[in-house]
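To keep things clear, I will list the structure first and then write my remarks on it.
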Amino acid sequence: MNDMEQSPAAAPYYNLGPDTVLDAVESLGFACDGRLLALNSYENRVYQVGVEEAAPVVVKFYRPNRWTDAAILEDHAFSLELADADIPVVAPLIVDGRTLHVYQGFRLAVYPRRGGRGPELDNVEHRVWLGRFIGRIHAVGQVHPFKDRPTLSIQGLGVEAVEEIRRRDLIPASLREAYDSTTGFLLDGVRRAWDRAGAIPFIRLHGDCHPGNILWTDAGPHFVDLDDAMNGPPIQDLWMLLSGDRAEMTGQLSDVLEGYEDFFDFDPRQLHLLEALRTLRILHHAAWLARRWEDPAFPLAFPWFGEARYWEQHILSLREQTALLDEPPLTV
């Protein structure tokens with residue numbers, strides 16, 4: 001199959017060249033100055049675009065066929081709702097009364113540029129500060145659920161992720177039995193953790209609140225990229241701030257909750273879900289790479305994914321998670 005014959009799934013951004021990006025932004029009334037910088041993003045395509053006599057803007061071109069318009073608009077509405085509450089979330093710009101636009105078949109949104117550096121998660125003050133703002137996000141998120149965005153589930157992030165990997169011829173034959181048995185034990189462990197937690201109320205979440213989606217300036221943190229916003233347990237937005245051994249994570253969590261509980265109550269039963277959510281993220285990430293492997297950008301960015309060594313290490317990390325799932329939860 002030559003380049004001109006590639007399917008939309010294999011080359012979803014084939015026709016998205018620099019001229020198209022600039023023309024799309026100018027169609028919304030911005031006078032581009034020709035400066036164009038591709039930003040680090042694989043699921044969507046994101047660019048910083050220079051604007052004459054004004055600050056640059058950031059434009060996101062959504063991956064075709066991933067989200068419905070309604071789901072994207074819920075993400076935008078949540079971002080705007082948070083911004084209206086003076087929570088430092090980078091929300092899309094409203095242009096001609098809309099946040100979602102279409103140009104030559106591509107759906108796009110324009111954002112103000114907000115720079116910054118990553119948070120210092122070994123800094124107690126940063127952890128308390130982050131907890132405070134996530135607590136404020138959750139206070140808004142509890143008001144009502146998403147209707148068109150996904151709800152976090154073992155089925156979606158775990159079972160379907162494993163099925164996706166099994167459908168594709170990526171795992172070396174010598175490792176397939178190990179992968180099948182390990183993931184079977186893992187998913188059982190995740191279900192046991194969920195049972196121990198009991199019925200945790202789900203709220204609207206950032207959904208992917210890892211340090212790369214938090215930018216820090218002298219004024220404090222601001223949150224970007226709500227592309228994975230979902231309904232889920234509040235701890236989903238907290239656990240990715242924790243790392244290290246049990247004692248280290250206990251101390252980190254204590255600092256985060258010091259700020260968090262100024263604005264939103266934390267149900268400690270959620271701590272049963274911490275390693276379960278980490279496990280689901282590991283499974284989902286591998287399935288995400290497999291699902292996108294036909295996109296030419298992915299083999300270039302993640303060449304190790306197709307190697308036997310990756311799968312050996314992946315199965316080893318899953319086995320380590322199997323043991324962690326039945327450990328007692330952290331204490332607060």
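What follows is calculated from the coordinates using simple rules that are stated; it is not laboratory data. Please read these numbers as outputs of a predicted model, since none were measured by experiment. Every residue, glycine as well, gets a Cβ built from its backbone with ideal geometry; the counts of neighbours run over all protein chains shown.
Taking the chain as a Gaussian network of alpha-carbon nodes connected by springs under 10 Å, the highest mean-square fluctuation of the residues Arg66, Arg167, Arg191 belongs to Arg167. Counting every other Cβ atom within 10 Å of each residue's Cβ, Thr183, Thr151, Thr20 order from fewest to most as Thr151, Thr20, Thr183. Per-residue Cβ neighbour counts within 10 Å put Met249, Met230, Met240 in the sequence Met249, Met240, Met230, beginning with the fewest. Distance between the modelled labels on Gln155 and His210, one decimal in nanometres: 2.6 nm (7 Å Cα→Cβ projection). Sort the chain into rounded, prolate or oblate with this rule: let a ≥ b ≥ c be the square roots of the eigenvalues of the Cα gyration tensor; rounded if a/c is under 1.5, and if a/c is not under 1.5, prolate when a/b is larger than b/c, oblate otherwise. Because a/c hits 1.5 or more and a/b fails to exceed b/c, the chain counts as oblate. In the chain, a dipole from Cβ-located charges (positive for Lys and Arg, negative for Asp and Glu) runs towards its positive end, and of Leu253, Val95, Leu175 it is Leu175 whose Cα lies farthest in that direction.
FRET efficiency for the Arg167 to Leu28 pair, using the beta carbon distance and R₀ = 45 Å, is estimated at 0.70. Here the calculated FRET efficiency for Asn15 and Asn40, from their Cβ-Cβ distance with R0 = 22 Å, stands at 0.55, rounded to the nearest 0.05.
Which listed residue (Pro150, Cys209, Pro56) has the Cα farthest towards the positive end of the charge dipole for the chain, taking +1 on Lys and Arg C-beta and -1 on Asp and Glu C-beta about the Cα centre? Value: Pro150.
If R0 is taken as 56 Å, the Cβ-Cβ distance between Asp84 and Phe185 corresponds to a FRET efficiency of 0.75.
Under the criterion of Cα pairs below 8 Å and six or more residues apart, the relative contact order for the chain equals 20 percent.
The charge dipole of the range 124-325, taken about its Cα centre with unit charges on the Cβ atoms of Lys, Arg (+1), Asp and Glu (-1) only, comes to about 420 debye. Descending by average beta-carbon neighbour count within 10 Å, the peptides 195-203, 250-258 line up as 250-258, 195-203, the highest first.
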